[in-house]
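Undergrad: I am attaching a structure below and will ask some questions about it afterwards.
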Amino acid sequence: MIEVRELTKRYGGTAAVDGLSFQVRPGTVTGFLGPNGAGKSTTMRILLGLAAATSGEALVNGGRYAELRRPMLEVGALLDASAVHGGRRAFDHLGWLARSNGIGRRRVAEVLERVGLAGAARRRVGGFSLGMRQRLGIAAALLGDPGVLLFDEPVNGLDPDGVRWIRELMRGLAAEGRTVLVSSHLMSEMELTADRLVIVGRGRLIADTSVRELAERFGRGVLVRSPRPAELTGVLSAAGGSVEDDAGGALTVAGLDVADIGERAAAHGIPLYEVRPRSASLEEAYMELTAGSAEFEAAIS
Amino acid sequence: MTDAIAAEWYKLRTACSTAWILAVVAAFVVLSALSSWYLAHYWDGLSPRRREEFDAPSADQPLSVALPVCAVVLGALTVTSEYATGMIGTSVAVLPRRRLYAAKALVAAGVMLTAAAAGTAVAVLAGRAIVGGRPVPVLGAPLADGVPHLLLTGPVAAAFTLIAFGLGAVLRSTAATITTMVAQMVVLPTLTGLLPSPYGERIWSALPEGLAEQIAAPPGVSAGPGVLSAPVAAAVLLVYVAVALGAGRLSFLRRDA
């Protein structure tokens, strides 16, 4: 369980995070979405006690992170996979981490196995590819078998296999009842991974919703195909729907749902070839929500 | 605290830089032995009259020149290398800052103290073994004469490690920390020679490098212009350590990682 309440972080005159509040519940993957510079990383760094909040609070399991005695047993985090000492061997990188929280060496071997790095345990981290570093960072997050996990942009730089592996891993962790918060600036990725979405822009909350709700909220009416469009238009208009003619003979109906349309058409004996709700892709919804909140926008688009 | 110390020790012993620093210390121990061997042979070739005037340095003299530099690099890297890689974020997230800071200081100082004391002891004993029965001054002098130097070399090196460590925690940059420390150890003492007496000597005496010599100069090293007694010099060096550690701690605890 993660709770962020009225969190604000200022750097000089700029607010990186501005009165942000949201909750992340156990058993779900929550996507933390926003354009670059929206304050995602800053929020995560405050959650982990790396940066101090200007005001407000960020709680993990009801308390402040700094008060945890052995933090790795409660919270695992992957912030920056490249933030490792290149001269150290993979096993030793996890080794000192384990030692810092009283975790045994056997667990180190276990997590290396789980992330598929068992064969590279004796290799120096400096020679690792970005994908291997991401895996090592995830191994570090899993080391203490924590109930809360934070991943900052975990799929950045990964190949399709790696992306799918991370997606399945996160779904698996949530299914085990853990709280999983994953930041990303890619809606398309979160659409496949997350149950809930916390969308931020310029440090402020834009939406706190489920993936389904978001899709529904950006619904664009119902698409209907029929061999007798003119007749159907009349029927549906009479029933209170507003009907638009699409190019290609399809109709877009607003104000009536799929069931209404089906019943009215059946009552008048009008055959239907297709009836389905139209929704904007989540990518479009996200772009619409975050429009104007990107920190650096191209002057001409 | 045990966890923090064990983790920092694990980190330090698996860092390549530590191995390099210890290798440099070892190399200077070997160099010191070579220097003793050379002096012994030089002695053999001297006429009795020149032997009376002969003034040999302590057996560990080459090592004692290298130790402060090794101490400073170790102390600085202990903290600045983590800022350079960004690993400081992970360290601060897994350990409370107070404990992390204390553990880092303790481990770095402990390693340097041990390396300096062991290296010096080996260099001095090797020197005596090499010189054998020859009555070379200093090298062949009773071991008891060199005891204060032997005992204090470790703590003085540890003090340099801690000063660099504290400064590193403030500056968060390897280059800035090591440059500042080396400038203060090598350049400033030389510059004091340009100042009129007695100010030049006084300032020289109060700089860490001067303090080290006033606390535990190797026997036989020609005395510098120091004006402080050993205990006073030790107290001043401790003030340097306390100020550097205090400033570093404040920065480490207060500023965002």
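Undergrad: Tally up the residues in region B:73-94 that are crowded, with 18+ Cβ neighbours inside 10 Å, over 26 Å from the mean Cα position of the chain (by Cα) and either more than 10 Å from every other protein chain (Cβ to nearest Cβ) or not in a helix (DSSP H, G or I) (or both), please.
TA: The qualifying residues number 1.
Undergrad: Quickly run through region B:29-45 and pick out the residues that are of a type outside the set (Ser, Thr, Tyr) and either surrounded by 20 or more Cβ atoms within 10 Å (Cβ to Cβ) or within 9 Å of chain A (Cβ to nearest Cβ) (or both).
TA: As a first pass, look at region B:29-45 and keep what is of a type outside the set (Ser, Thr, Tyr): B:29-31, B:33-34, B:37, B:39-41, B:43-45.
Matches in region B:29-45: B:Val29, B:Ala33, B:Leu39.
Undergrad: State the number of residues belonging to region A:94-115 that are within 10 Å of another protein chain (Cβ to nearest Cβ), in a helix (DSSP H, G or I) and open to solvent by 10 Å² or more (accessible area, probe 1.4 Å).
TA: First, the residues of region A:94-115 that are within 10 Å of another protein chain (Cβ to nearest Cβ): A:95-103.
If we keep only those that are in a helix (DSSP H, G or I) as well, we get A:95-100.
Now drop any that are not open to solvent by 10 Å² or more (accessible area, probe 1.4 Å), which leaves A:99.
Residues in region A:94-115 being within 10 Å of another protein chain (Cβ to nearest Cβ), in a helix (DSSP H, G or I) and open to solvent by 10 Å² or more (accessible area, probe 1.4 Å): 1 in total.
Undergrad: A further question follows. B:Pro135 passes all but one of (1) over 25 Å from the mean Cα position of the chain (by Cα); (2) crowded, with 24+ Cβ neighbours inside 10 Å; which number fails?
TA: (2) is the only condition that B:Pro135 fails.
Undergrad: Quick test of your reading of the structure: A:Tyr286 fulfils all but one of (1) surrounded by 15 or more Cβ atoms within 10 Å (Cβ to Cβ); (2) modelled with pLDDT of 85 or more. Name the failing condition by number.
TA: Result: A:Tyr286 fails condition (2) only.
Undergrad: Looking for whichever is in a helix (DSSP H, G or I), open to solvent by 20 Å² or more (accessible area, probe 1.4 Å) and small (Gly, Ala, Ser) here; the options are A:Gly157, A:Gly162, A:Gly119. Which one fits? Spell out how you get there, then give the answer.
TA: Numbers: A:Gly157 fails: in a helix (DSSP H, G or I); A:Gly162 fails: open to solvent by 20 Å² or more (accessible area, probe 1.4 Å).
The match here is A:Gly119.
Undergrad: Can you report the number of residues in region A:68-80 which are in a loop (DSSP other than H, G, I, E, B), facing chain B (nearest Cβ under 10 Å) and not basic (Lys, Arg)? Lay out the reasoning, then the answer.
TA: Of the residues in region A:68-80, the ones in a loop (DSSP other than H, G, I, E, B) are A:68-70, A:74, A:79-80.
From what is left, the residues that are facing chain B (nearest Cβ under 10 Å) are A:68-70, A:79-80.
Now restrict to residues that are not basic (Lys, Arg): A:68, A:79-80.
The total comes to 3.
Undergrad: Might you let me know whether region B:95-112 holds any residue that is among the charged types (D, E, K, R), without any contact (Cβ under 8 Å) to a residue 12 or more places away in the chain and part of a helix (DSSP H, G or I)? Step through it out loud before you land on a result.
TA: Initially, region B:95-112 is screened for residues among the charged types (D, E, K, R), giving B:97-99, B:104.
Now drop any that are not without any contact (Cβ under 8 Å) to a residue 12 or more places away in the chain, which leaves none.
For region B:95-112, residues among the charged types (D, E, K, R), without any contact (Cβ under 8 Å) to a residue 12 or more places away in the chain and part of a helix (DSSP H, G or I): absent.
Undergrad: On the basis of being modelled with pLDDT under 80, assigned to a loop (DSSP other than H, G, I, E, B) and under 33 Å from the mean Cα position of the chain (by Cα), does A:Gly249 make the cut? Don't jump to the end; show me each part of the working.
TA: Details: modelled with pLDDT under 80: yes; assigned to a loop (DSSP other than H, G, I, E, B): yes; under 33 Å from the mean Cα position of the chain (by Cα): no.
Taking the combined requirement at face value, the residue does not satisfy it.
Undergrad: Quick check on this structure: which one of A:Gly31, A:Gly56, A:Gly19, A:Gly37 is in a loop (DSSP other than H, G, I, E, B) and more than 16 Å from B:Arg255 (Cα to Cα)? It would help to see each step written out before you state the result.
TA: On the way: A:Gly31 fails: in a loop (DSSP other than H, G, I, E, B); A:Gly56 fails: in a loop (DSSP other than H, G, I, E, B); A:Gly19 fails: in a loop (DSSP other than H, G, I, E, B).
Of A:Gly31, A:Gly56, A:Gly19, A:Gly37, the one residue that is in a loop (DSSP other than H, G, I, E, B) and more than 16 Å from B:Arg255 (Cα to Cα) is A:Gly37.
Undergrad: Given the conditions (1) open to solvent by 40 Å² or more (accessible area, probe 1.4 Å); (2) assigned to a strand (DSSP E or B), report the number of the one that A:Glu231 does not fulfil.
TA: (2)
Undergrad: Still on this structure, I have one more. Only residues that are over 10 Å from B:Ala169 (Cα atoms), without any contact (Cβ under 8 Å) to a residue 40 or more places away in the chain and either within 14 Å of chain A (Cβ to nearest Cβ) or open to solvent by 50 Å² or more (accessible area, probe 1.4 Å) (or both): list them for region B:236-257, please.
TA: B:Val239, B:Ala242, B:Arg254, B:Arg255, B:Asp256
Undergrad: Is it the case that region B:219-228 has a residue that's in contact with a helix residue (DSSP H, G or I) (Cβ under 6 Å, 6 or more places away or on another chain), open to solvent by less than 60 Å² (accessible area, probe 1.4 Å) and part of a helix (DSSP H, G or I)?
TA: Filtering region B:219-228 for residues in contact with a helix residue (DSSP H, G or I) (Cβ under 6 Å, 6 or more places away or on another chain) gives B:219, B:224-228.
Checking which are open to solvent by less than 60 Å² (accessible area, probe 1.4 Å) leaves us with B:219, B:224, B:226, B:228.
Adding the requirement that they be part of a helix (DSSP H, G or I) leaves none.
No, that holds for no residue.
Undergrad: Hey, another quick one. In this structure, is A:Arg276 of a type outside the set (Phe, Trp, Tyr) and modelled with pLDDT of 85 or more? Even if it seems obvious, please write down each step before you answer.
TA: On the way: of a type outside the set (Phe, Trp, Tyr): yes; modelled with pLDDT of 85 or more: no.
No, not satisfied.
Each row is one residue, and each column tells you yes or no for (1) of a type outside the set (Val, Ile, Thr); (2) over 30 Å from A:Val29 (Cα atoms).
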| site | (1), (2) |
| --- | --- |
| A:Ala207 | yes, no |
| A:Leu214 | yes, no |
| A:Pro227 | yes, yes |
| A:Leu232 | yes, yes |
| A:Gly241 | yes, yes |
| A:Val253 | no, yes |
| A:Ile270 | no, yes |
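Undergrad: Could you list, in sequence order, all residues of region A:48-67 that are within 10 Å of another protein chain (Cβ to nearest Cβ) and crowded, with 16+ Cβ neighbours inside 10 Å? Walk me through how you get there before you give the answer.
TA: Narrowing region A:48-67 to residues within 10 Å of another protein chain (Cβ to nearest Cβ): A:48-52, A:65-67.
Residues satisfying the conditions are A:Leu48, A:Gly49, A:Leu50, A:Ala51, A:Tyr65.
Undergrad: Which of the numbered conditions does B:Ala117 fail, given that it passes all the others? Conditions: (1) within 14 Å of chain A (Cβ to nearest Cβ); (2) open to solvent by 10 Å² or more (accessible area, probe 1.4 Å).
TA: Unmet condition: (1).
Undergrad: Answer with yes or no whether B:Val107 is over 30 Å from B:Val136 (Cβ atoms), open to solvent by less than 30 Å² (accessible area, probe 1.4 Å) and in contact with an Asp or Glu (Cβ under 7 Å, 6 or more places away or on another chain). Please lay out each step first, then the result.
TA: Numbers: over 30 Å from B:Val136 (Cβ atoms): yes; open to solvent by less than 30 Å² (accessible area, probe 1.4 Å): yes; in contact with an Asp or Glu (Cβ under 7 Å, 6 or more places away or on another chain): yes.
So B:Val107 passes the test.
Undergrad: Determine, yes or no, whether A:Gly104 is under 22 Å from B:Val107 (Cα atoms) and either free of Cβ contacts under 8 Å to residues at least 24 places away in the same chain or of a type in the set (Val, Ile, Thr) (or both). First the steps, then the outcome.
TA: Values: under 22 Å from B:Val107 (Cα atoms): yes; either free of Cβ contacts under 8 Å to residues at least 24 places away in the same chain or of a type in the set (Val, Ile, Thr) (or both): yes.
Judged against the criteria, A:Gly104 is a match.
Undergrad: Filter region A:166-193 down to the residues that are in contact (Cβ under 8 Å) with a residue 12 or more places away in the chain and open to solvent by 10 Å² or more (accessible area, probe 1.4 Å) and list them by number. Please lay out each step first, then the result.
TA: Let us first name the residues in region A:166-193 that are in contact (Cβ under 8 Å) with a residue 12 or more places away in the chain, namely A:166-167, A:169-171, A:173-175, A:177-193.
Within region A:166-193, A:Arg167, A:Leu169, A:Arg171, A:Ala175, A:Gly177, A:Arg178, A:His185, A:Leu186, A:Ser188, A:Glu189, A:Glu191, A:Leu192 meet the criteria.
Undergrad: Among the residues of region B:1-20, write down those that are over 14 Å from B:Val94 (Cα atoms), crowded, with 17+ Cβ neighbours inside 10 Å and within 7 Å of another protein chain (Cβ to nearest Cβ).
TA: Passing the criteria: B:Tyr10, B:Thr14, B:Ala15.
Undergrad: Report whether or not B:Ile203 is open to solvent by 40 Å² or more (accessible area, probe 1.4 Å) and either in a helix (DSSP H, G or I) or not charged (D, E, K, R) (or both).
TA: Details: open to solvent by 40 Å² or more (accessible area, probe 1.4 Å): yes; either in a helix (DSSP H, G or I) or not charged (D, E, K, R) (or both): yes.
Criteria met by B:Ile203.
Undergrad: In addition: Among the residues of region A:81-93, write down those that are open to solvent by less than 20 Å² (accessible area, probe 1.4 Å) and more than 7 Å from every other protein chain (Cβ to nearest Cβ).
TA: A:Ala81, A:Ala90, A:His93 - these are the residues of region A:81-93 that are open to solvent by less than 20 Å² (accessible area, probe 1.4 Å) and more than 7 Å from every other protein chain (Cβ to nearest Cβ).
Undergrad: Further question: Could you say whether any residue in region A:23-44 is within 20 Å of A:Met170 (Cα to Cα) and within 11 Å of another protein chain (Cβ to nearest Cβ)?
TA: yes
Undergrad: Residues being surrounded by 20 or more Cβ atoms within 10 Å (Cβ to Cβ) and within 13 Å of A:Arg202 (Cα to Cα): count how many of those fall in region A:19-34.
TA: Result for region A:19-34: 3.
The values are calculated or read from the model by the stated rules, or taken from the named source; none is laboratory data. This one's a predicted model, so the numbers in the text were calculated from it and none came from an experiment. Note: ideal-geometry Cβ built from the backbone for every residue, glycine included; neighbour counts use all protein chains shown. The area values use the complete protein model at the heavy-atom level, side chains included, leaving out ligands, DNA and RNA. Shrake-Rupley method; radii C 1.70, N 1.55, O 1.52, S 1.80 Å.
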